[in-house]
1. Based solely on C-alpha atoms, express the radius of gyration and the Dmax of region 187-243 in angstrom.
2. Binning at 10 Å from 0, report for region 47-118 what percent of all alpha-carbon pair distances ends up in each bin.
3. Springs between alpha-carbon atoms under 10 Å, Gaussian network over the chain: tell me which of 219, 139, 300 tops the mean-square fluctuations.
4. With each label point set 7 Å from Cα along the Cα-Cβ vector, what nm distance links residue 59 and residue 116?
5. Measure off 7 Å from each Cα along the Cα-to-Cβ vector at residue 287 and residue 310, then give the distance between these two points in nanometres to one decimal.
6. Between region 254-296 and region 109-131, how many Å separate their Cα centres?
7. Nearest-5 percent of antiparallel DSSP beta bridges in the chain?
8. Full extension from residue 194 to residue 240: what is 0.36 nm times the residue separation minus their Cα-Cα distance, to one decimal in nm?
């Protein structure tokens, strides 16, 4: 068995140029680059706040009665946000993190090492560097496959879904969340660009310079954003994604969307947080942002989603199961 490739946190200009022509290389470089600061950038934690969020997303699409599951894999795990918080929430007993980026797999395993299940036992997690179109596990290995914000990075989504079904046991479930809709991606990116421009220009003013990140960090973020445009391969129409999952062989397929007002608020907030120095905003800001997002997400769930077509929600959530019998 060959060793997994080492993380590449400092891509060369030649590598970045090559990545523009190779989306898989771009994904490795970008996510290795982001691994050390990814949790901070996206306000990811492994406490009650994100446990509630992860379990809530899972239950919203899979239903309140789904699980618990003995062995689950996270596809494109990043730093382990979705799977590790589901494990802490009692949804999953044993986990496997996988990602195309060695840096992200290493970060996920580091995160897992310091966490515990609801019973106070350390999380049982292993990890592999893995291509989603050729998952390196045997047939019928897992009871559950999950992913958060991963499908839009995969060049061949139908092939990845077929692989997910292959590694699931008969009757096993997959759950994907955090995927951008076509319409949602347009307004989110527009809001993010406008916020970045406003923040980085306003903080040039002398009274606000303490709110400005060092130029080297802003330049690094800009280079990462350039790669981000390469690695974000897809946005999704909910109905078409549903049909794609069915064509891959899944049954009991369901697709919903969520977040409209919450996304309109959340994207400028996240962009602003990324543009100012770490720790500048403090816990008070973090709680304000989180509580406001919570209230808007509830408004979206109980009011907005009933009157707005699902294509306008920012996030797509997808679930389905592997047939118990073939043919």
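1. 16.1, 54
2. Using 10 Å bins, I get a P(r) of 22, 55, 22, 1 for region 47-118.
3. It is 219.
4. Going by the 7 Å Cα→Cβ label model, 2.3 nm.
5. 3.7 nm
6. Value for the Cα centre distance between the two parts: 27 Å.
7. Bridges in the chain that DSSP calls antiparallel: roughly 40 percent.
8. 13.5 nm
FYI, it's all coordinate maths here, none of it is from the lab. Note that the coordinates shown come from a computational prediction; the quantities given were computed from them, not determined experimentally. Quick reminder, even Gly has a Cβ in these numbers, built from the backbone with ideal geometry, and neighbours come from all protein chains shown.
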